[in-house]
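The values are calculated or read from the model by the stated rules, or taken from the named source; none is laboratory data. All values reported here derive from a predicted model rather than from experimental measurement. So basically every Cβ, Gly included, is an ideal-geometry build from the backbone, and we count neighbours across all protein chains shown.
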């Protein structure tokens, strides 16, 4: 795949493309965890083996005190300030707008689909933000994947959610996770279902706060199925 970089709101954003991008190619916005950057999940995206997709990997907009240069965060988890999450969510809206309107990826002339499928996917804090931004974005989201994530304030996230109740949502978590306990995804799944989301899948694996080949296979199979229905 071909790696390039652009700037959105003065933040770096990596783009991972196949050698040839078909018209209407799906865009998978992939969000890193706390204290890393977009480079962290490039190998993961490559290993998913989704050959006709564009991956967009933005750096989170915050740099927290005590972290090295190039280590970013979507919010300060110690501050318990929802405004941080909302600011990062609004930044992600701009990322989604930018790539949903890319003239180089317009569907073929005469296509009934106005825009290519958009997916939000993330790990840890990135999983939190994939739910927050994916559920509240005003444009159409084809699917949401949260790996080792949670929903800090389900009411705030879901009370004015824009995503269709039929949106496929995959939650993946390790039962041995000592950083973000598996209850985070369990509670998120319960909140989603209580709100009315009908296509929520929770998959638990015997692993810690990480991505394994087994959990990656689950994500790959989920996206292959979802995008096969949208392309």
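Looking at region 4-21 only, could you name the residues that are surrounded by 16 or more Cβ atoms within 10 Å (Cβ to Cβ) and touching a helix residue (DSSP H, G or I) at 6+ places or on another chain (Cβ under 9 Å)?
Listed by number, the residues that qualify are 8, 11, 12, 13, 14, 15, 16, 21.
If only one of 34, 48 is touching a residue at least 12 places away in the same chain (Cβ under 8 Å) and more than 19 Å from residue 119 (Cα to Cα), which one is it?
Criteria check complete, one pass: 34.
Hey, can you tell me all the residues within region 76-100 that are closer than 15 Å to residue 152 by Cα, surrounded by 14 or more Cβ atoms within 10 Å (Cβ to Cβ) and at pLDDT below 95?
Listed by number, the residues that qualify are 76, 77, 82, 84.
Tell me the residue from 210, 224, 167 that is surrounded by fewer than 16 Cβ atoms within 10 Å (Cβ to Cβ), in contact (Cβ under 8 Å) with a residue 12 or more places away in the chain and in contact with a strand residue (DSSP E or B) (Cβ under 8 Å, 6 or more places away or on another chain), please.
210
Out of curiosity, is residue 93 under 17 Å from the mean Cα position of the chain (by Cα) and in a loop (DSSP other than H, G, I, E, B)?
no
Within region 141-231, which strands (runs of 3 or more DSSP E) (wholly inside it) include 3 or more residues that are farther than 20 Å from residue 46 by Cα?
Hits in region 141-231: 169-174, 200-205.
Do you know which residues across region 1-20 are in a strand (DSSP E or B) and under 27 Å from residue 77 (Cα atoms)?
7, 8, 11, 12, 13, 14
Filter region 21-45 for residues that are closer than 17 Å to residue 77 by Cβ and in a strand (DSSP E or B) and give the result.
Listed by number, the residues that qualify are 31, 36.
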